[in-house]
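Worksheet: the structure to be examined is printed underneath.
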Amino acid sequence: MIVVSDAGPIIHLSLVRLLGLIPALYGQILVPDLVYSEVVTDGDVLPGSAELREAKWIEVVSHEPGAPLFQLLRAQLDPGEAAAIWLAVARKPALVLSDDRPARLMAEQLGLSVRGTLGILVEAKRRGEIAEVAPIVTELRSKGVWLSDELVQRILGEVEEL
């Protein structure tokens, strides 16, 4: 299974010490060079920086700055999200991991399947990788991750934790 990720899920799962869910659920993932730089090089103090630098389960892929699709996406999205969607269109992954709403909408418009941090947690619970989602959501919120009440209620309802 090919999976492409932008920075959001990597950072958010690192905040709660669950970055290992990504390789447990998806095996190796593709990360655009701009996302890698955002988290590891430019963001060397960000959660996930050290973990991503050491990860054997990622493949860093260079983006093509002059590619017309990348330029179009870049006009509407941050560089990392644009590179992730560009890479996804090029590689046809089973899944794109992203929490950024505009990026998610763009990816879906391009026919890509998208899953965010909470979707990863739902899948992890269903596969027995974690016991509960609710405490993790609480911890994410306590660490400054904004999650709408509506989304949280919907997700907790899906996993029968209301």
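The values are calculated or read from the model by the stated rules, or taken from the named source; none is laboratory data. Since this is a predicted model, take the numbers as computed values, not measurements. Virtual Cβ from ideal backbone geometry, glycine too; neighbours counted across all protein chains shown.
Being closer than 18 Å to LEU69 by Cα and surrounded by 14 or more Cβ atoms within 10 Å (Cβ to Cβ) is the requirement here; does ARG115 meet it? No.
Select from segment 11-25 the residues that are part of a loop (DSSP other than H, G, I, E, B) and of a type in the set (A, V, I, L, M, F, W, C) and list them in ascending order.
VAL16, LEU18, LEU19, listed by residue number.
Being at positive phi and under 15 Å from the mean Cα position of the chain (by Cα) holds for only one residue in ARG115, ARG101, ARG17, and it is ARG17. Exactly one residue out of ARG53, ARG91 is surrounded by fewer than 15 Cβ atoms within 10 Å (Cβ to Cβ) and touching a strand residue (DSSP E or B) at 6+ places or on another chain (Cβ under 7 Å): that is ARG91.
Can you find, within segment 145-160, the residue that is nearest to ILE10 (Cα to Cα) among those that are free of Cβ contacts under 8 Å to residues at least 24 places away in the same chain and of a type outside the set (Asp, Glu)? Only one residue fits best here, namely TRP146. The helices (runs of 4 or more DSSP H) found wholly in segment 85-156 and carrying at least 2 residues that are over 19 Å from TYR26 (Cα atoms) and of a type in the set (S, T, N, Q) occupy 134-142.
For LYS92, the conditions (1) more than 17 Å from LEU73 (Cα to Cα); (2) more than 15 Å from the chain's Cα centre (by Cα); (3) at pLDDT below 95; (4) not hydrophobic (A, V, I, L, M, F, W, C) are fulfilled apart from (1).
Considering VAL61, VAL45, VAL31, which residue is assigned by TED's automatic domain parsing to the domain that holds LYS92, modelled with pLDDT of 95 or more and over 15 Å from the mean Cα position of the chain (by Cα)? I'd like the intermediate steps shown before the answer.
Details: VAL45 fails: modelled with pLDDT of 95 or more; VAL31 fails: over 15 Å from the mean Cα position of the chain (by Cα).
Every option except VAL61 fails the conditions.
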